[in-house]
1. Among Lys45/Lys109; Lys108/Lys131; Lys45/Lys308; Lys108/Lys308, which pairs are too far apart, with a Cα-Cα distance over 27 Å?
2. Testing the spin-label approximation: label points 7 Å from Cα along Cα→Cβ at His53 and Ser332. State their distance in nm.
3. Between Thr312 and Ser217, what FRET efficiency follows from the Cβ-Cβ distance if R0 is 35 Å, with the result rounded to 0.05?
4. Can you classify the chain as rounded, prolate or oblate using the Cα gyration tensor, where a ≥ b ≥ c are the square roots of its eigenvalues, rounded means a/c under 1.5, and otherwise it's prolate if a/b beats b/c and oblate if not?
5. Pick out which of Asn57, Asn230, Asn205 has the largest mean-square fluctuation in a Gaussian network model of the chain, springs linking Cα atoms closer than 10 Å.
6. Could you let me know the centre-to-centre spacing of the stretch 256-275 and the stretch 48-91, using Cα atoms, in angstrom?
7. Please flag any cysteine in the chain that has no other cysteine's Cβ under 4.7 angstrom from its own Cβ.
8. How much net charge surrounds Gly209 when only the other residues with a Cβ under 13 Å from the Cβ of Gly209 are counted, with Lys and Arg +1 and Asp and Glu -1?
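No lab work stands behind these numbers, since they all come straight from the coordinates. Every value quoted in this text rests on a predicted model; they were computed, and no experiment measured them. Please note: Cβ atoms are built from the backbone with ideal geometry, for glycine as well, and neighbour counts cover all protein chains shown.
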Amino acid sequence: MPTAVTPQAVHFVKPFKPSVTSTEVWSRQSIEDLFNLPFNDLMFKAQEIHREHFNPNEVQLSTLLSIKTGGCPEDCGYCPQSVHYDTGVEATKMLDVDAVKAAALEAKKNGASRFCMGAAWREPKDRDIEKVAELVHAVKDLGMEACCTLGMLSESQAGTLKEAGLDYYNHNLDTAPELYGDIITTRDYQARLDTLAHVRSAGMNVCSGGIVGMGESREQRAGLVHQLANLLPYPESVPINNLVQVEGTPLHGTETLDLLEFVRTIAVARITMPKARVRLSAGRQQMGEAIQALCFMAGANSIFYGDKLLTTGNPDWQRDQALLTKLGIKTS
Ligand code: SAM
Ligand code: DTB
Ligand code: SF4
C-alpha cells in the first residue's frame, strides 16, 4: 500500500491570474484507478479529454540548451551533471549571450516556438540571475517563448526573471514523495514545492513534471501525478521524462520500464491535467516511432526538439519532422 500523502497546495502570495484554473481535487486512489484501467479504456478517456481542450493533431516544439553544464553539487541519482558521479560530463562556465542567441535562432529556424535554458545549479546566485535575465531578453527579442530551469529559486529571483520576460520556469517534482529520498538527499520535496510557489507568485507559468523508469512502482507513478495534478493550479506544462540511463550514475542499470507504462503515465497526466501541455520529454531516442505515436494518442502535445537534451542525445529535427509528417501532426 502506498503511504498516504496529503496533496501539497501551492498558494498564491500575490494576485495572479493563471492560464490554467483548476479546483478538482484528485485522490491518490482515483489516480491509481486510472492507471489500472484496461489500456484501450485509458487511451479512449485520454483522447476524449485531449480533444475537448486541444487540436489532437498539433504538437508544440521546445528546444533545450544547457547554458551551464556539469559540476552540480546536488546528488540526484539520475543525473549525469552531478559532481558526485563520474560520468565524463565536463563542467563548463555559463554560455555568453551571443552563443545563446545563435542557438535560439537556429531552433527558431528549425520550427521551435519555445527555447528552454538549463543550468546545472542547486540554486542560482543573484549575479547569475542578472546574467540569465540578459539571455531571456535575447530569446524574447527573437519572438520565442522563453523557459529556464536553474534549480531552486527565491521569491525575488523569480520576480527578476518575470520582469525580464521569462514565460515558463521548469522545476520538476521528479517522483512520488515517498520515493524521493531514495533518489536525492541534498534537497527535499518541500523545497521543490516552495520554488514552484515562488514561480507562481511571480506570475510565471509553471513547468513541472517528473521522471519514470527509476525503479518505481505503478503506485509511485500515480503518486507523482497525484502531486502534480493537485497543485493549485496544476502546471501549464508537464514534462514526463523516461529515465535516460547514464553510466556512472547510481540509477544506471535500473530495470527499464515497459514503455506501455510510459504511455499510461502520459494518458493519466492528460486526464488529470486537461489543459496542460503534456510533454513527451527525455527518453525518445530509446522509444521508437510506434511508442511515440501512442504517446501523442494518449494526449502528449509537446516534445523536446533538437538533437541534444542537456548532455544526452535526442532524435534530430529531420527525424522528428519526418515522424510528425507521417502522423499528420502540425507543429507550433
Ligand atoms: N539543476 C536544475 C534542477 O535540477 O532543477 C535544472 C536542470 S535538471 C537537469 C532538470 C531536470 O532534468 C531534472 O529535474 C530531471 O527531472 C531531468 N533529468 C535530469 N537527468 C535526467 C535523466 N538522466 N533522465 C531523464 N530526466 C533527467
Ligand atoms: C525536463 O523535464 N527534462 C529536460 C528539461 N526538463 C530540462 C532535461 C532532460 C535531461 C536529460 C538528461 C541530460 O540530457 O542531461
Ligand atoms: Fe544538479 Fe539539476 Fe542534475 Fe540535480 S538534476 S544534479 S540539481 S543539474
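1. The pairs that break the limit, which is 27 Å between Cα atoms, are Lys45/Lys109; Lys45/Lys308.
2. For the pair His53/Ser332, the computed spacing is 1.4 nm.
3. 0.90
4. The shape class here is rounded.
5. Looking only at Asn57, Asn230, Asn205, the largest GNM fluctuation is found for Asn57.
6. Their Cα centres are 17 Å away from one another.
7. By the Cβ distance rule, which asks for a partner under 4.7 Å, the isolated cysteines are Cys72, Cys148, Cys207, Cys295.
8. After counting each charged neighbour, the total is +3.
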